[in-house]
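Only the coordinates and a few stated rules stand behind these numbers; no lab work does. As the structure is a computational prediction, the values presented were derived from the model and not from experiment. Neighbour counts are summed over all protein chains in view; Cβ atoms, including those assigned to glycine, are modelled from backbone coordinates with ideal geometry.
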Amino acid sequence: MKEDFLSYIASRVDGECVVRAKRLPDNVSAFRRRKIKGILRPNSLIDLQQIVIGASEFPNTRLHPVSIGYNWGLGSREDVADGSYLVELQKLNAVRKIDTDQGWAIIEPGVTQGELSELLIGTQKMLNITASSAHSSFLGNALDRGVGLRHQRTEDLVGIEVLLPTGKIIRVGWWPGSVETPIYPHGVGPSLVQFFTQSSFGVVTAGVIKLHTRPESTHVVRFNFSRKLLSPAIQTLKKWVANGLSSGVLKIYDTTANSTYGGSDGLYTVHLCVDGLSDDVSQRIGLIKKLCESSQVFTNVTSNSVTEGNYPGPDVIANLVEAAHVGDSSLNDTLLRKTLGARHDKVDTGGTGWIFFLPLIPFTADALEMAYQLIDEVHNETGVLCGATINALSGDVIDLVVSIAFKKSEKESADSLTALSKLHEKFTAQGFIPYRLGVEHAKWADPITPGVGERSFVRELKQFIDPNNIISNDRYL
């Protein structure tokens, strides 16, 4: 009788990397726990290559790779369907090389944003930090198009190493060589770096990450406005962002998000970074304060100079935002514990639930008013209260992070999932399309894709590259 896949792999790699399991532990979103056939934790790229090559010897074997598995709010480590082998890549955790002169680092999937940011302390380079845990994978988040305090992390990804379903390893995009060349991810011909984001065409085993030069001066300006002044506030902020008054991603926490994350209750709070040459920063801050005072919209205006280790903001959100803007993730988990009452490694199994809905909306007052109307409708129909954080990616586009916090009781879990489905339906009907999907709503990839024939072409590519469907994680197929 032919041996099973796990026994086959255990005979070829370190047996400790093979775990027999039928289901994962709970996930923070209380999504359905899929049935799995086992867990594989390769110690090296060679181990992982053996796993992928071995999978082709066993019909209907599907591998579901995750970096560290902290895809919280979207499914954590869960696959879309039952029956796959979970492949955890946290042991592939080497920072292979780092160059703080030219500004790049080669990292593996198990490298956390906290580890990488610590390596850059005291240098002239910094990392594009997200507000998630310091223990989350930088590469995993970038491949799912996460957003940092500077910009969307796809902009940080300049080269990737991919293990294809055949077992072949390729490198695409920009990679350092014996002669220094400009960091340019597109090369000549088809640009393949973004081809492998949000895809199951292969297993990404390393990436070249662009590091950013620390500005001469960094300040974070904070101020408030009330819900009734949302429209004039957004109109004003759009003008500021479009004209380059701010640096990085402008963040606005609404009243519910403020309450959830530990900020000021009852008001919207704006966190606006201003950085660059010291004289220019001083002039822009002076202008912002003057405009705030004359606006009759914004109140409680403060400005803090921010340097590594110096975060004078008044609350946990302010401190996190200040630190993240200078590439420091050391305060991220303070917010995580305050929000969910658990350490990073206990988030999925704790008693507090968390779900994200992540639409892109136009940076206009009308769009924000409509978005909050839809959120209110969901609240009225389900009783579920949603918070929203406004991330201005540019003067045109907002990443609206809609969050649902709940107790993981049977009723609240079911109500929260119902609310999530309604958010998908209502926002998509208005053209507010999510840029990341959770495992319970992978079916939305088709209706939200505007390109004619695009989804069919993606599936044709998948069939050509991976005819046996060895690589799972098909949220976007």
Practice problem: Would you kindly calculate the translational diffusion coefficient of the stretch 384-477, applying Stokes-Einstein with the Kirkwood radius from alpha carbon pairs, for 20 °C and a viscosity of 1.002 mPa s, and quote it in µm² s⁻¹ without decimals? | Solution: 137 µm²/s
Quiz item: Are any of the pairs Lys37/Lys411; Lys251/Lys338; Lys125/Lys338; Lys91/Lys251; Lys35/Lys422; Lys91/Lys168 more than 24 Å apart by Cα-Cα distance, and if so, which?
Solution: Lys37/Lys411; Lys125/Lys338; Lys91/Lys251; Lys35/Lys422
Quiz item: Can you give the calculated 222 nm mean residue ellipticity of the chain, where each DSSP H run of n ≥ 4 adds -39,500 (n - 2.57) and the sum is split over every residue, rounded to the nearest 500 deg cm²/dmol?
Solution: -9000 deg cm²/dmol
Quiz item: What are the aspartates and glutamates whose alpha-carbon lies under 13 Å from the alpha-carbon of Lys238, with same-chain residues fewer than 8 places away excluded?
Solution: Asp366, Asp396
Quiz item: Relative to the longest principal axis of the chain, what angle (0 to 90°, nearest 10) does the C-alpha long axis of helix 45-55 take?
Solution: 60 degrees
Quiz item: Which whole-number percent is the relative contact order of the stretch 309-431 (Cα, under 8 Å, 6+ apart)?
Solution: 23 percent
Quiz item: Relative contact order of the chain: what whole-number percent is it, with Cα pairs under 8 angstrom and at least 6 residues apart?
Solution: 17 percent
Quiz item: Using the 10 angstrom Cβ neighbour count as an exposure proxy, how do Ile471, Ile129 rank, fewest first?
Solution: Ile471, Ile129
Quiz item: Please state the equivalent ellipsoid semi-axes for the chain: what are the square roots of 5 times the Cα gyration tensor eigenvalues, largest first, in whole Å?
Solution: 37, 27, 20
Exercise. Determine the dipole magnitude for the chain: charges of +1 sit on the beta-carbon of Lys and Arg, -1 on that of Asp and Glu, nothing else is charged, the reference point is the Cα centre, and the result goes in debye to the nearest 20.
Key: 640 debye
Practice problem: Quick one: net charge around Met370, please, counting Lys, Arg +1 and Asp, Glu -1 for every other residue with C-beta under 11 Å from its C-beta. | Solution: -3
Practice problem: Go through the stretch 110-125 residue by residue and turn each phi into a ³J(HN,Hα) via Karplus (6.51, -1.76, 1.60, θ = phi - 60°); whole Hz please, and just put x for glycine and proline. | Solution: x, 6, 8, 5, x, 4, 5, 5, 5, 5, 9, 4, x, 9, 8, 10
Practice problem: Determine the sum of side-chain charges near Lys426: Lys and Arg each +1, Asp and Glu each -1, restricted to other residues whose C-beta is under 10 angstrom from that of Lys426. | Solution: -2
Quiz item: Which whole-Hz ³J(HN,Hα) couplings does the stretch 345-358 yield from phi under the Karplus relation 6.51 cos²θ - 1.76 cosθ + 1.60, θ = phi - 60°, glycine and proline marked x?
Solution: 7, 10, 4, 5, 9, x, x, 9, x, 8, 10, 10, 10, 10
Self-check item: Rounded, prolate or oblate (a/c below 1.5 giving rounded, otherwise prolate when a/b exceeds b/c) for the stretch 215-432 by Cα gyration tensor
Solution: oblate
Self-check item: Residues whose placed amide H lies under 5 Å from that of Val18, excluding near-sequence neighbours
Solution: Arg41
Self-check item: Residues of type aspartates and glutamates that Lys289 reaches as a straight line, Cα spacing below 20 Å, ignoring anything fewer than 8 places off in the same chain
Solution: Asp275, Asp279, Asp280, Glu322
Practice problem: For the stretch 135-144, take each phi angle, set θ = phi - 60°, evaluate the Karplus expression 6.51 cos²θ - 1.76 cosθ + 1.60, and give the result in whole Hz per residue in order, putting x for glycine and proline. | Solution: 8, 7, 6, 5, 5, x, 5, 5, 5, 9
